[in-house]
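Peer 1: Sharing a structure below in structure tokens format, with a few things to ask.
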Amino acid sequence: MYGNPLPSKGTWQGARTLWKTRGKKGSGELLRILLSSTRALGDRYFETPEAKSLLAAWGMHIDYAPDITGGAVFPLLECFLDMANGMSIVEGGASNLVNAMVALLEKKGGKVRLGTDVARILVNDKGAFGVRLANGEQILAKRGVISTVVLPVMVSNLLESSDVPAHMKQAASHYRFGPGTMMVHLATSGPIPWSDSELGKFAYVHVGPYVDDMARTYQQSLAGEIPDEPLLIVGQSSVVDPSRAPEGKGVVWIQVRTLPNTPNGSTWSAESERVADLVIAKMERYAPGFTATILDRHVMSPADLHASNPNLVGGDSVAGSHHFDQFLMRPSLDLGKYATEIPRLYLAGAGTWPGAGANAISGGLAAARLLKG
């Protein structure tokens, strides 16, 4: 399903195949799961609060709080597929994957330009024909333009208002963003001293702790409050790939889910270091002595994330809500196949189907749509 545009013939064929192979009962049970919240999924299939919170934590990676319908989809995929197949990381750091992709592109005759802001997507009576950079330079396109900027930002910042059809403006105005995220990057003198040493064997650890905490965190974030028990997603990849850190040292990143886009009565420039201190204090409860291992840290608040990437509006790390209505129709029903109402202008990235994730699916599907014309 993820490998096809939505809606598409391939999607419906996949659904028919599922119905034939699983039958009415099996298909109905799968549909029930897909429509469930993460709390309902946990209550239905698991007994312990720890197992239930594992499912809920995966939902919080996007913006599925425990009680939101449809939140079971992502945990269903991640928990069981990762258990069966494992999770891949790039040896030496994620930049090596980017470097490999750039090398392949350049081998095919392409060019990558960094630090170059696009000021405008150029449109004439035949459609999009190139871009104008902030320095005034124009780059012309032979076949079309693919934008990975989320629809509302593209419409408001990159297109002349007169070039945008009314329905496309409406779709942009209805696009929603979720709560914010903070990233705390740490250089450490060694591995995290977890109370349970088993946790030191894995690249990825969730510190919840429980389903009700995550539900409260989400509501506090929407209300502009700093949550008292935010979910911590702890990446300690140097324990499985020592090449990511100097010998004997470690690198750790902590993703804080979720936080307000803007804290009530304050700003993130005033609050970010204080909240990061609370994050470290929470880690200390589960890994006594952790604070003493920290050599350096770099904090990126929701405002910092937005400033670094225009897609992360309000610090929404997944470039727009993934609630079912916007996940299945991303960014809208008529724009779900990557072509816009402006000829030769196409969309890709986390603001399109199948949403956030380093899977490159939308890029491949958008490229195929462009080549089709």
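Peer 1: Where the second residue is part of a strand (DSSP E or B) and polar (S, T, N, Q) and the first is touching a residue at least 60 places away in the same chain (Cβ under 8 Å) and in the same structural domain as V299 (by TED's automatic domain parsing) and lies in the stretch 231-253, which pairs have Cβ atoms under 6 Å and are six or more apart or on separate chains?
Peer 2: What qualifies is I233/Q255; G250/T188; V252/T188.
Peer 1: Look through the stretch 129-158, keep the residues that are in a loop (DSSP other than H, G, I, E, B) and in contact with a helix residue (DSSP H, G or I) (Cβ under 9 Å, 6 or more places away or on another chain), and return whichever of them is nearest to S332 (Cα to Cα).
Peer 2: That would be V150.
Peer 1: What's the number of the only condition in (1) at pLDDT below 90; (2) surrounded by 15 or more Cβ atoms within 10 Å (Cβ to Cβ); (3) over 30 Å from E341 (Cβ atoms) that V73 fails to meet?
Peer 2: (3)
Peer 1: If I filter the stretch 129-150 down to residues being farther than 18 Å from L114 by Cβ and touching a residue at least 24 places away in the same chain (Cβ under 8 Å), which single residue comes out as surrounded by the most Cβ atoms within 10 Å (Cβ to Cβ)?
Peer 2: Step by step, filter the stretch 129-150, then rank; the result is V150.
Peer 1: Which pairs have Cβ atoms under 8 Å, sit 6 or more apart or on different chains, and link a residue in the stretch 324-349 that is closer than 18 Å to G373 by Cβ to one that is small (G, A, S) and modelled with pLDDT under 90?
Peer 2: Between residues of the stretch 324-349 that are closer than 18 Å to G373 by Cβ and residues that are small (G, A, S) and modelled with pLDDT under 90, the close pairs are K337/S8.
Peer 1: If you don't mind, another one. If we keep just the residues of the stretch 94-128 that are of a type in the set (D, E, K, R) and out of contact with any helix residue (DSSP H, G or I) (no Cβ under 9 Å at 6 or more places or on another chain), which is surrounded by the most Cβ atoms within 10 Å (Cβ to Cβ)?
Peer 2: Only one residue fits best here, namely E106.
Peer 1: Please state which one of P260, P227 is crowded, with 22+ Cβ neighbours inside 10 Å and touching a Lys or Arg at 6+ places or on another chain (Cβ under 9 Å).
Peer 2: Of the residues listed, the single one that is crowded, with 22+ Cβ neighbours inside 10 Å and touching a Lys or Arg at 6+ places or on another chain (Cβ under 9 Å) is P227.
Peer 1: Oh, and also: Give the residue, chosen from S221, S189, S195, that is of a type outside the set (V, I, T), within 27 Å of K52 (Cβ to Cβ) and surrounded by fewer than 20 Cβ atoms within 10 Å (Cβ to Cβ).
Peer 2: Of S221, S189, S195, the one residue that is of a type outside the set (V, I, T), within 27 Å of K52 (Cβ to Cβ) and surrounded by fewer than 20 Cβ atoms within 10 Å (Cβ to Cβ) is S195.
Peer 1: While we're looking at this one, here's another question. Scanning the stretch 209-218 for residues that are in contact with a helix residue (DSSP H, G or I) (Cβ under 7 Å, 6 or more places away or on another chain) and surrounded by fewer than 22 Cβ atoms within 10 Å (Cβ to Cβ), which turns out nearest to Y64 (Cα to Cα)?
Peer 2: Y210
Peer 1: Do any helices (runs of 4 or more DSSP H) entirely within the stretch 215-329 hold 3 or more residues that are at pLDDT 95 or above and closer than 25 Å to S195 by Cα, and if so, which?
Peer 2: 268-286, 290-293
Peer 1: Out of G315, G349, I need the residue that is under 23 Å from Q236 (Cα atoms) and buried (at least 16 other Cβ atoms within 10 Å of the Cβ). Which one?
Peer 2: Going through G315, G349 in turn, the sole match is G315.
The values are calculated or read from the model by the stated rules, or taken from the named source; none is laboratory data. Since this is a predicted model, take the numbers as computed values, not measurements. Neighbour counts are summed over all protein chains in view; Cβ atoms, including those assigned to glycine, are modelled from backbone coordinates with ideal geometry.
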